[in-house]
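As structure tokens, the structure follows; a few thoughts come after it.
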Amino acid sequence: MEKSIRIAVVGLEFGAAFAPIYADHPHVEEIVLCDRDRDLVNRVAARTGPTRTAHDLEHVLADTSIDAVHLATGLRDHADHTIRALEAGKHVACAVPMALSFSEIEASRRRAGAAARST
């Protein structure tokens with residue numbers, strides 16, 4: 001099978017550990033590293049190898065070439081970022097916990113269901 005997925009790892013303080021895993025995955029075509037801390041992005045990119053970089057989630061979500069996002073952002077942002085990524089048509093992996101309340105979990109679940117039905 002050819003490489004077929006382009007994934008953004010968002011939030012590199014914790015997410016940097018996932019970049020080499022994706023780099024070694026046989027079906028990952030490209031990794032986009034994203035963090036507000038430009039120095040951190042550059043350090044992770046130097047260790048990961050050739051990759052694109054971004055410095056805000058909005059850029060990642062607007063980029064139609066990115067298929068999926070792995071969210072390793074702050075805990076308080078997980079539910080909001082998950083919902084926004086799903087609304088942008090991205091596949092989503094989110095570090096745990098996905099949300100900090102049952103209402104956030106329910107909102108994410110509803111959005112994921114709606115996204116699945118629209119494909």
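The values are calculated or read from the model by the stated rules, or taken from the named source; none is laboratory data. Keep in mind that this is a model prediction, so the values were computed, not measured. With ligands, DNA and RNA removed, areas are computed over all heavy atoms of the protein, side chains included. Shrake-Rupley method; radii C 1.70, N 1.55, O 1.52, S 1.80 Å.
Can you tell me which of Ala85, Ala16, Ala107 moves the most in a GNM of the chain? Springs connect C-alpha atoms under 10 Å apart.
Among Ala85, Ala16, Ala107, the largest mean-square fluctuation in the Gaussian network model of the chain belongs to Ala107.
Using a 1.4 angstrom probe on heavy atoms only, work out the carbon and sulfur share of the accessible area of the chain in %.
C and S fraction of accessible area: 54 percent.
Among rounded, prolate and oblate, which fits segment 17-58 when a ≥ b ≥ c are the square roots of the eigenvalues of its C-alpha gyration tensor, a/c under 1.5 means rounded, and a/b larger than b/c means prolate?
prolate
For the chain, what does the helix formula give at 222 nm: sum of -39500 (n - 2.57) over DSSP H segments with n ≥ 4, over the residue count, nearest 500 deg cm²/dmol?
Helices in the chain give a 222 nm mean residue ellipticity of -13000 deg cm²/dmol.
Over all directions, average the projected area of the Cα convex hull of the chain and note it in nm².
If you wrap the Cα atoms of the chain in a convex hull and average its projections, you get 7.2 nm².
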